[in-house]
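The values are calculated or read from the model by the stated rules, or taken from the named source; none is laboratory data. Predicted, not measured: the structure shown is a model, and the values here were computed from it. Neighbour counts run over all protein chains shown; Cβ positions are idealised from the backbone, glycine included.
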Amino acid sequence: MNERGDHMDSTTATQPVDQDQIVPPSLAEEASANRATEPEQQEIIFELEDVAVSYGALRAVEGVSLDIGQQRITAMIGPSGCGKTTVLRCLNRMNDLIDSARVEGEVRYHGVDLYDPQVDPVEVRRRIGMVFQKPNPFPKSIYDNIAFGPKIAGFKGDMDDLVERSLQRAALWDEVKGKLKTPAMALSGGQQQRLCIARAIAVEPDVILMDEPCSSLDPIATLKIEELMYELVSDYTIVIVTHNMQQAARVSHRTAFFTVEPREDGHRVGTVVEYDTTETIFSNPSDQRTEDYVTGRFG
């Protein structure tokens, strides 16, 4: 492993400056009016220690050390190619599906090494669900989309009740309750994304990962997804990758800023620059690169 990148904060930190000099007032206000002030103590769900990911001989991201708290929304922001989605996929071993991918460092989930050979990646993905950038409903009915995962997992309870509860939790039930047997592909883009969220929570996960879940949606559908996040975080831990800084400021409790740095061999490698409360990241970041990004001077 290369040396960890967390020395950056001490070597490049800037002196605190006035909030209005750093971010537009709208972003600062959204961040300061965040969902809730973080409690002083909370259970840690994920512990990432010096995580690096390579695809073949190419290092994609390195030096990632983060603690992610229970029943909190954690956002990952940064320019394209900085490794946000790669790190997100480490949290439920989705990178295992890429033959050339190699994960180094430690990713602990409730204190358990996710990459221990004895850990079943299928069970990991049941406990840690994922919602992708583009809605991807199965070519099945609305009902069968929700029932698919529980059936595979051997669910023995009342499937009708489970489907209804999942759709209610995803704020979709009232819109589809009269057409559960119709194709899921007939739904609008925003409805399809909420269906995918309902499908993810139907298997009763502990964590929901979201990879730019609103990037293909209109503002009204985006608002519905954000409102849904506020409701779901009372029961789930949510980690979201987003290019939308306003969204990160609105919905998250903590934010990690990633960037890309050039190496001597000409390759550019992603790393975490700063990880703090969302209000701090958007109001008074400690690193000049974070300030440059959130003010639009970079990225």
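Would you point out which residue out of 264, 204 is assigned to a loop (DSSP other than H, G, I, E, B), within 19 Å of residue 149 (Cβ to Cβ), out of contact with any Pro (no Cβ under 6 Å at 6 or more places or on another chain) and not aliphatic (A, V, I, L, M)? Write out each step before concluding.
Numbers: 264 fails: within 19 Å of residue 149 (Cβ to Cβ).
Going through 264, 204 in turn, just one is assigned to a loop (DSSP other than H, G, I, E, B), within 19 Å of residue 149 (Cβ to Cβ), out of contact with any Pro (no Cβ under 6 Å at 6 or more places or on another chain) and not aliphatic (A, V, I, L, M): 204.
Would you please name the residue that is farthest from residue 220 (Cα to Cα), looking only at residues in the stretch 178-196 that are touching a strand residue (DSSP E or B) at 6+ places or on another chain (Cβ under 8 Å) and assigned to a loop (DSSP other than H, G, I, E, B)?
Taking the stretch 178-196 first, the residues touching a strand residue (DSSP E or B) at 6+ places or on another chain (Cβ under 8 Å) are 180-184, 193, 196.
Imposing the further condition that a residue be assigned to a loop (DSSP other than H, G, I, E, B) reduces the set to 180-182.
Numbers: 180: 23, 181: 26, 182: 24 Å.
Here the residue is 181.
What residue, among those in the stretch 202-250 that are over 15 Å from the mean Cα position of the chain (by Cα) and of a type in the set (A, V, I, L, M), is surrounded by the fewest Cβ atoms within 10 Å (Cβ to Cβ)?
The qualifying residue surrounded by the fewest Cβ atoms within 10 Å (Cβ to Cβ) is 220.
When the residues of the stretch 225-258 are narrowed to those that are in contact with an Asp or Glu (Cβ under 6 Å, 6 or more places away or on another chain) and hydrophobic (A, V, I, L, M, F, W, C), which ends up nearest to residue 92 (Cα to Cα)?
Top of the filtered list is 241.
Those residues that are closer than 17 Å to residue 188 by Cβ and under 26 Å from the mean Cα position of the chain (by Cα), I need them from the stretch 140-164; list them, please.
First, the residues of the stretch 140-164 that are closer than 17 Å to residue 188 by Cβ: 141-142, 145.
Hits for the stretch 140-164 are 142, 145.
Pairs, please: C-beta under 9 Å, at least 6 apart or cross-chain, first residue on the phi > 0 side of the Ramachandran plot and in the stretch 281-298, second assigned to a helix (DSSP H, G or I) and buried (at least 20 other Cβ atoms within 10 Å of the Cβ)?
296/245
Select from the stretch 207-242 the residues that are out of contact with any Gly (no Cβ under 9 Å at 6 or more places or on another chain), on the phi < 0 side of the Ramachandran plot and part of a loop (DSSP other than H, G, I, E, B) and list them in ascending order.
Matches in the stretch 207-242: 213, 215, 233, 234, 235, 242.
Residues in the stretch 85-94: is at least one of a type in the set (S, T, N, Q), assigned to a helix (DSSP H, G or I), under 27 Å from residue 226 (Cβ atoms) and within 14 Å of the chain's Cα centre (by Cα)?
So the first thing to find is which residues in the stretch 85-94 are of a type in the set (S, T, N, Q), and the list is 85-86, 92.
Checking the rest, the ones that are also assigned to a helix (DSSP H, G or I) come to 85-86.
This time we only want the ones that are under 27 Å from residue 226 (Cβ atoms), so: 85-86.
Imposing the further condition that a residue be within 14 Å of the chain's Cα centre (by Cα) reduces the set to 85-86.
Yes.
For the stretch 259-299, which positions are aromatic (Phe, Trp, Tyr) and farther than 16 Å from residue 88 by Cα? Reasoning before the result, please.
The first filter runs over the stretch 259-299 and keeps only residues aromatic (Phe, Trp, Tyr), leaving 275, 282, 293, 298.
Correct list: 282, 293, 298.
Can you give me the number of residues within the stretch 129-171 that are free of Cβ contacts under 8 Å to residues at least 40 places away in the same chain and of a type in the set (Gly, Ala, Ser)?
Selection size over the stretch 129-171: 3.
Scan (1) in contact with a Cys (Cβ under 8 Å, 6 or more places away or on another chain); (2) within 21 Å of residue 46 (Cα to Cα); (3) of a type outside the set (Lys, Arg) for the single condition residue 247 breaks and write down its number.
Answer for residue 247: the failing condition is (2).
Out of all the residues in the stretch 201-228, which are within 17 Å of residue 134 (Cβ to Cβ) and modelled with pLDDT of 95 or more?
208, 209, 210, 211
With the condition kept exactly as written, say whether any residue in the stretch 141-152 is surrounded by 15 or more Cβ atoms within 10 Å (Cβ to Cβ), at pLDDT below 95 and among the polar types (S, T, N, Q).
The answer is no, given that none of the residues of the stretch 141-152 is surrounded by 15 or more Cβ atoms within 10 Å (Cβ to Cβ), at pLDDT below 95 and among the polar types (S, T, N, Q).
Out of all the residues in the stretch 184-196, which are surrounded by 15 or more Cβ atoms within 10 Å (Cβ to Cβ) and touching a Ser or Thr at 6+ places or on another chain (Cβ under 9 Å)?
Within the stretch 184-196, 184, 190, 193 qualify.
Is it the case that residue 162 is farther than 17 Å from residue 203 by Cα, modelled with pLDDT of 95 or more and assigned to a helix (DSSP H, G or I)?
Values: farther than 17 Å from residue 203 by Cα: no; modelled with pLDDT of 95 or more: yes; assigned to a helix (DSSP H, G or I): yes.
Spelling it out, it is not the case that residue 162 is farther than 17 Å from residue 203 by Cα, modelled with pLDDT of 95 or more and assigned to a helix (DSSP H, G or I).
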